[in-house]
1. Kindly check whether there is at least one residue in the range 5-23 that is within 28 Å of HIS120 (Cβ to Cβ) and not in a helix (DSSP H, G or I).
2. In the range 1-35, which residues are basic (Lys, Arg), at pLDDT 90 or above and over 24 Å from the mean Cα position of the chain (by Cα)?
3. Tell me which of these LEU104 doesn't satisfy, since it passes every other one: (1) in contact with a Leu (Cβ under 8 Å, 6 or more places away or on another chain); (2) at pLDDT 95 or above.
4. Determine, yes or no, whether VAL111 is on the phi < 0 side of the Ramachandran plot, touching a strand residue (DSSP E or B) at 6+ places or on another chain (Cβ under 6 Å) and at pLDDT 90 or above.
5. Any idea which residue in the range 63-80 is modelled with the highest pLDDT, counting only those that are out of contact with any helix residue (DSSP H, G or I) (no Cβ under 9 Å at 6 or more places or on another chain) and surrounded by 12 or more Cβ atoms within 10 Å (Cβ to Cβ)?
6. What pairs can you find where one residue is in the range 34-57 and surrounded by 10 or more Cβ atoms within 10 Å (Cβ to Cβ), the other is of a type outside the set (Val, Ile, Thr), and their Cβ atoms are less than 7 Å apart, with a gap of 6+ or different chains?
7. Looking only at the range 10-33, which residues are surrounded by fewer than 14 Cβ atoms within 10 Å (Cβ to Cβ) and of a type outside the set (D, E, K, R)?
8. Kindly indicate which of LEU113, LEU101 is surrounded by fewer than 10 Cβ atoms within 10 Å (Cβ to Cβ), over 30 Å from GLU10 (Cα atoms) and not assigned by TED's automatic domain parsing to the domain that holds LEU12.
Amino acid sequence: MLYLCVHCHEKLSADQFAPSAFRKRDMRCLSCSRAKNKAQRALNPERTRKMARDRMRKHRLTAIHKSRPCTAADRARAAKYSRENKPKKRAHNIVQRAINLGRLQRQPCEVCLAVKSQAHHDDYSKPLQVRWLCATHHNREHKWIA
């Protein structure tokens, strides 16, 4: 079945429209919707920045790994850890950035070859020299060190 875009007046298939177009009855095709959104962002950049900030603030306030919102105590604990473990935090951030940029590839656990692995630093002053360990072996390694 073909649908008519209210903006460009082209008849297009349903996959050329966002699913929300059918609920809102604003039948703009994806390319017209993108153009409209881009124009709106250019027209009011301060509102766009505020919305992005609010979206990030909401994301930051909710713990990703928990089903409950972060409390002030959670944020205080995280801030205290960051203050007290600057070299560790710096090394973790450098590794995460390198993975995101594709400069460092996650490897399987060097003990059991599990695919899901974590970076372990033997020396935090060499942040990109890591050993890849699964969660079980990573925990064992830290218990052995302590």
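The values are calculated or read from the model by the stated rules, or taken from the named source; none is laboratory data. Note that the coordinates shown come from a computational prediction; the quantities given were computed from them, not determined experimentally. Cβ atoms come from the backbone with ideal geometry, glycine included; neighbour counts cover every protein chain shown.
1. Taking every residue of the range 5-23 in turn, none turns out to be within 28 Å of HIS120 (Cβ to Cβ) and not in a helix (DSSP H, G or I).
2. LYS11
3. Condition (2) is where LEU104 drops out.
4. Criteria not met by VAL111.
5. ARG77
6. Matching pairs, first to second residue: LYS36/ARG28; THR48/ARG41.
7. Across the range 10-33, the qualifying residues are SER13, ALA14, PRO19, SER20, PHE22.
8. LEU101
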